[in-house]
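Peer 1: Sending over a structure as structure tokens; questions will come in a sec.
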There are 2 protein chains.
Amino acid sequence: RSTLALGGEKEQQREENVQTTGAAAAGGSGNKDEKRIVSYWGVEAPKVNKDDGSEWKWNCFRPWEAYEADLSIDLKKHHAPTTFSDKMALWTVKSLRWPTDLFFQRRYGCRAMMLETVAAVPGMVGGMLLHCKSLRRFEHSGGWIKALLEEAENERMHLMTFMEVAKPKWYERALVFAVQGVFFNAYFLGYLISPKFAHRMVGYLEEEAIHSYTEFLKELDKGNIENVPAPAIATDYWRLPPNSTLKDVVLVVRADEAHHRDVNHFASDIHYQGRQLRESPAPLGYH
Amino acid sequence: RSTLALGGEKEQQREENVQTTGAAAAGGSGNKDEKRIVSYWGVEAPKVNKDDGSEWKWNCFRPWEAYEADLSIDLKKHHAPTTFSDKMALWTVKSLRWPTDLFFQRRYGCRAMMLETVAAVPGMVGGMLLHCKSLRRFEHSGGWIKALLEEAENERMHLMTFMEVAKPKWYERALVFAVQGVFFNAYFLGYLISPKFAHRMVGYLEEEAIHSYTEFLKELDKGNIENVPAPAIATDYWRLPPNSTLKDVVLVVRADEAHHRDVNHFASDIHYQGRQLRESPAPLGYH
Ligand SMILES: [Fe+2]
Ligand SMILES: [Fe+2]
Ligand SMILES: [Fe+2]
Ligand SMILES: [Fe+2]
């Protein structure tokens, strides 16, 4: 049976739609019945083209979300912990470093892929909590909801990129499953208790991320990791020139992490001053 | 004490930042110390101007997120429930209607404001769950994460608009608090169990929303509710002409609800066909 129940009318058409279930698993475009649903609800994803006229092939992001990474960002900035809360944040991150190093050793491609599944959680949790708070309190957000969701989306794009280079094995998938369950809830709770601590911790996580991407680059330079061509999704997302390589991708990803570091340390600083994030306009589109 | 701990250096500057806590509660712009933090982390919200050259004053949304609502959308479309799950979704919504009507009666401004705090929840919950799923499964989203988050943001902008027209009383705030707690968790669970049911229910909620905004418009036409000038945030968000009124705002909000109705019924239809949302490209920027 079809769902196209047009208020009881058009029984004939409905019969024609029978047995479409489960068809067209790949991509979903070009399927006849799906097109009919689209035209019934009038919900159509607008077709867009690339600058060179070819069709834009990513549904997960659109051309206007692509950007050129700012590679000039200072990679060395560090927030020296002063308060107990800062020190605890740094200590938490540093202590997570050991098992991670041990597990991945020099498999940086795999490491990047796995860690991005974790990195995309804090922005989503923070954005969601601020969204709910804004609704509950009838307050403006200052743009922070969007800024944090943008960060989450950016991290997810890192994952989509590294997926093309390293394929996850079944036990890695299982690990991600478990880690997400724990980390999501821990961060959720942590953000409720102290957004100051939560943002500081993410700031330090990003500092570590910059460090591991620097190591990744060294391995690429040494030739220990093959400098394969950049995946198509990466060249479109970061507007990379043709013939870009994995190294170029790691460079822009590292720049992204440096931006996340700044945003999160900044957010923590705002809380440190006893203020709310919404009182300081958020850095929307800060890449 | 300040958070500007520049790796132990610049102690002098740090001392100057003492005692800024809690200052500059309104808007947060123009504060001296805040500017210093901004320049340390380099995180600055870009200044933008309106078309007429005046400064853009909203931090919660930027000019490129403003749009002109498509008022030509069919307000009468209805998904006739066929399956048991559809009927249950419709029944749930209809049974929520009675207490709501009883509580608000003809206070449509207040009703709109209160209901928008609820309406902004499903998009956020759905977007978050799809985001986590995409990470866990190393899968593309088909744009649905963003489409649902866009919906949540759009609903939150409805709230920000109606807040300007009707101010919430303390017991209304308390009610919103309680309702959000229950609804967020119920929808979260519902979406985990059956996204098909969850999206269908939102589809029906939006049908009801269209109905109550139509009633709102009738009261405005009759003069029972004063047709005040449109709030500034509304004219900027929907790019309304100058001298627009509350009636124009209700018209564009109602059009938004009709779009949400279509998106959610469509999403439910995709699940009904035994497919995943990501297999059908999401209607990004569908207003
Ligand atoms: Fe990342
Ligand atoms: Fe990051
Ligand atoms: Fe709404
Ligand atoms: Fe809606």
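Peer 1: Within region B:232-282, track down each residue that is in contact with a Leu (Cβ under 7 Å, 6 or more places away or on another chain), more than 16 Å from ligand 3 (Cβ to nearest atom) and closer than 19 Å to B:CYS110 by Cα.
Peer 2: B:LYS247 - this is the single residue of region B:232-282 that is in contact with a Leu (Cβ under 7 Å, 6 or more places away or on another chain), more than 16 Å from ligand 3 (Cβ to nearest atom) and closer than 19 Å to B:CYS110 by Cα.
Peer 1: Can you find even one residue in region B:204-219 that is without any contact (Cβ under 8 Å) to a residue 12 or more places away in the chain, on the phi > 0 side of the Ramachandran plot, of a type outside the set (Ser, Thr, Tyr) and away from ligand 2 (no atom under 16 Å from the Cβ)? Steps first, please.
Peer 2: Step one: list which residues in region B:204-219 are without any contact (Cβ under 8 Å) to a residue 12 or more places away in the chain, which gives B:211, B:218.
Next cut, on the phi > 0 side of the Ramachandran plot only: none.
Within region B:204-219 (the criterion being without any contact (Cβ under 8 Å) to a residue 12 or more places away in the chain, on the phi > 0 side of the Ramachandran plot, of a type outside the set (Ser, Thr, Tyr) and away from ligand 2 (no atom under 16 Å from the Cβ)), the answer is no, since none of the residues qualifies.
Peer 1: Within region B:164-180, how many residues are more than 9 Å from chain A (Cβ to nearest Cβ) and closer than 18 Å to A:LEU130 by Cβ?
Peer 2: Looking only at that region, the number is 0.
Peer 1: Before we move on, is A:ARG278 within 13 Å of chain B (Cβ to nearest Cβ), within 16 Å of ligand 2 (Cβ to nearest atom) and touching a residue at least 40 places away in the same chain (Cβ under 8 Å)? Walk me through how you get there before you give the answer.
Peer 2: Numbers: within 13 Å of chain B (Cβ to nearest Cβ): yes; within 16 Å of ligand 2 (Cβ to nearest atom): no; touching a residue at least 40 places away in the same chain (Cβ under 8 Å): yes.
No; evaluated as a whole, the condition is false for this residue.
Peer 1: I want to confirm something. Restricting to region B:137-163 and keeping residues that are among the small types (Gly, Ala, Ser) and in contact with a His (Cβ under 8 Å, 6 or more places away or on another chain), which single residue is farthest from A:CYS132 (Cα to Cα)? Walk me through it before giving the result.
Peer 2: Applying the first criterion (among the small types (Gly, Ala, Ser)) to region B:137-163 yields B:141-143, B:147, B:152.
So of that shortlist, the ones also in contact with a His (Cβ under 8 Å, 6 or more places away or on another chain) come out as B:141, B:152.
Working: B:SER141: 23, B:ALA152: 10 Å.
By that ranking, first place goes to B:SER141.
Peer 1: Assuming A:LYS94 fulfils every condition listed in (1) facing another protein chain (nearest Cβ under 10 Å); (2) among the basic types (Lys, Arg); (3) more than 16 Å from ligand 2 (Cβ to nearest atom) apart from one, which condition is it?
Peer 2: (1)
Peer 1: I need every pair where a residue in region A:129-140 that is under 19 Å from A:TYR187 (Cα atoms) has its Cβ under 7 Å from the Cβ of a residue that is assigned to a helix (DSSP H, G or I) and of a type in the set (Lys, Arg), sequence separation at least 6 or different chains.
Peer 2: A:HIS131/B:ARG156
Peer 1: Another question about this same structure. A:ALA209 - would you say it is among the aliphatic types (A, V, I, L, M) and surrounded by 20 or more Cβ atoms within 10 Å (Cβ to Cβ)?
Peer 2: On the way: among the aliphatic types (A, V, I, L, M): yes; surrounded by 20 or more Cβ atoms within 10 Å (Cβ to Cβ): yes.
Taking the combined requirement at face value, the residue satisfies it.
Peer 1: Please count how many residues of region A:257-285 are closer than 24 Å to A:PHE61 by Cα and in contact with an Asp or Glu (Cβ under 8 Å, 6 or more places away or on another chain).
Peer 2: Residues that pass the stated criteria total 10.
A short reminder: the numbers here are calculations on the coordinates, not readings from a lab. Quick caveat, the model's predicted, so the values are computed rather than measured. Neighbour counts run over all protein chains shown; Cβ positions are idealised from the backbone, glycine included.
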